[in-house]
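Scroll down for the structure; my scribbles are underneath it.
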Amino acid sequence: MPPVREYYERLLSVMGPQHWWPAENQFEIIVGAILTQNTAWSNVERAIGNLRAAGMLSHGAILKARMPRLAKLVRPSGYFRQKAKKLKAFCKFLEAEYGGSLEQMFKTPTAELREKLLAVFGIGPETADSILLYAGEHPVFVVDAYTKRILERHGWINSKAGYEHVQNLVQGDIPPDAPQYNELHAFFVQVGKNWCRGREARCSQCPLEIFLKEQR
């Protein structure tokens with residue numbers, strides 16, 4: 001079992017609170033979670049900026065929008081036609097299941113809501129968990145490519161480890177706590193971007209590698 005809690009405490013002491021996810025409200029977080037699939041966050045920010053300028057950062061506005069216009073607005077995020085369909089699908093789900101109320105949606109028990117979200121077109125485990133954790137403050141850990149890369153390079157998982165396996169591994173070391181899961185995921189993102197890069201691992205500078213050497 002990896003020292004996930006020790007990783008969390010180490011990174012918190014070095015990097016401080018990350019205040020992630022950057023958004024003005026719950027719905028914007030959800031839109032960002034859908035649009036960030038297979039693209040950089042900078043592209044998502046441009047797409048969200050387009051939606052905001054067009055007055056379309058609400059489930060009602062997206063439901064009413066014509067698909068060509070919606071696709072054009074989210075074009076900077078890539079795969080824009082598919083992502084427009086995904087936004088529509090979520091908004092239809094929200095309207096049909098909860099009368100358009102995010103408050104009602106997030107009152108649903110975590111496991112039940114997660115299952116419902118996964119049944120929505122275009123929402124997979126990472127997107128569903130991002131919605132649950134960041135928009136709804138449900139205690140689920142979000143597993144992304146950065147998390148898997150870091151844990152694999154440190155020898156805690158292999159390349160074939162699935163999403164649920166990695167999630168259970170983390171949640172087994174840190175009991176359900178939305179704020180801590182929020183910060184830990186944000187820390188892994190920063191480590192993955194700055195040190196544990198895909199093609200160039202900067203281990204000598206990484207606070208996690210320094211921590212591990214101290215433990216040996």
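The values are calculated or read from the model by the stated rules, or taken from the named source; none is laboratory data. Note that the coordinates shown come from a computational prediction; the quantities given were computed from them, not determined experimentally. Positions of Cβ are backbone-derived with ideal geometry, glycine not excepted, and every protein chain shown enters the neighbour counts.
Brief remarks on what is shown
Yes/no per residue for (1) touching a Gly at 6+ places or on another chain (Cβ under 7 Å); (2) buried (at least 18 other Cβ atoms within 10 Å of the Cβ); (3) touching a residue at least 24 places away in the same chain (Cβ under 8 Å):
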{"site": "Gln167", "(1), (2), (3)": "no, yes, yes"}
{"site": "Gln171", "(1), (2), (3)": "no, no, yes"}
{"site": "Pro175", "(1), (2), (3)": "no, no, no"}
{"site": "Tyr181", "(1), (2), (3)": "no, yes, yes"}
{"site": "Val191", "(1), (2), (3)": "no, yes, yes"}
{"site": "Cys196", "(1), (2), (3)": "no, yes, yes"}
{"site": "Arg202", "(1), (2), (3)": "no, no, no"}
{"site": "Gln205", "(1), (2), (3)": "no, no, no"}
{"site": "Leu208", "(1), (2), (3)": "no, yes, yes"}
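- Pick from the range 134-155, criterion over 17 Å from Gly172 (Cα atoms) and of a type in the set (A, V, I, L, M, F, W, C), ranking: modelled with the highest pLDDT: Ala135
- Any hit, the range 157-179, residues being over 22 Å from Leu113 (Cβ atoms), small (Gly, Ala, Ser) and at pLDDT 95 or above: yes
- Identity of the residue in the range 1-29, hydrophobic (A, V, I, L, M, F, W, C) and out of contact with any Phe, Trp or Tyr (no Cβ under 7 Å at 6 or more places or on another chain), that ends up surrounded by the fewest Cβ atoms within 10 Å (Cβ to Cβ): Met1
- Subset tally (residues that are surrounded by 17 or more Cβ atoms within 10 Å (Cβ to Cβ), outside any loop (DSSP other than H, G, I, E, B) and of a type in the set (A, V, I, L, M)) for the range 64-112: 8
- Restricting Lys160, Lys193, Lys148 to those that are part of a loop (DSSP other than H, G, I, E, B) and not assigned by TED's automatic domain parsing to the domain that holds Trp41 reduces the list to Lys160.
- Positions within the range 81-126 being without any contact (Cβ under 8 Å) to a residue 24 or more places away in the chain, closer than 15 Å to Ala33 by Cα and touching a Lys or Arg at 6+ places or on another chain (Cβ under 9 Å), in sequence order: Ala84
- Leading residue by the ranking (surrounded by the fewest Cβ atoms within 10 Å (Cβ to Cβ)) among those in the range 50-63 that are touching a helix residue (DSSP H, G or I) at 6+ places or on another chain (Cβ under 6 Å) and touching a residue at least 24 places away in the same chain (Cβ under 8 Å): Leu63
- The residue that is farthest from Ala23 (Cα to Cα), counting only those in the range 122-155 that are surrounded by fewer than 17 Cβ atoms within 10 Å (Cβ to Cβ) and over 17 Å from the mean Cα position of the chain (by Cα), is Gly155.
Here's the yes/no breakdown for (1) in contact with a Pro (Cβ under 7 Å, 6 or more places away or on another chain); (2) more than 18 Å from Ala135 (Cβ to Cβ); (3) hydrophobic (A, V, I, L, M, F, W, C):
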{"site": "Val4", "(1), (2), (3)": "no, yes, yes"}
{"site": "Pro22", "(1), (2), (3)": "no, no, no"}
{"site": "Glu28", "(1), (2), (3)": "no, no, no"}
{"site": "Ala40", "(1), (2), (3)": "no, yes, yes"}
{"site": "Glu45", "(1), (2), (3)": "no, no, no"}
{"site": "Arg52", "(1), (2), (3)": "no, no, no"}
{"site": "Gly60", "(1), (2), (3)": "no, no, no"}
{"site": "Lys64", "(1), (2), (3)": "no, yes, no"}
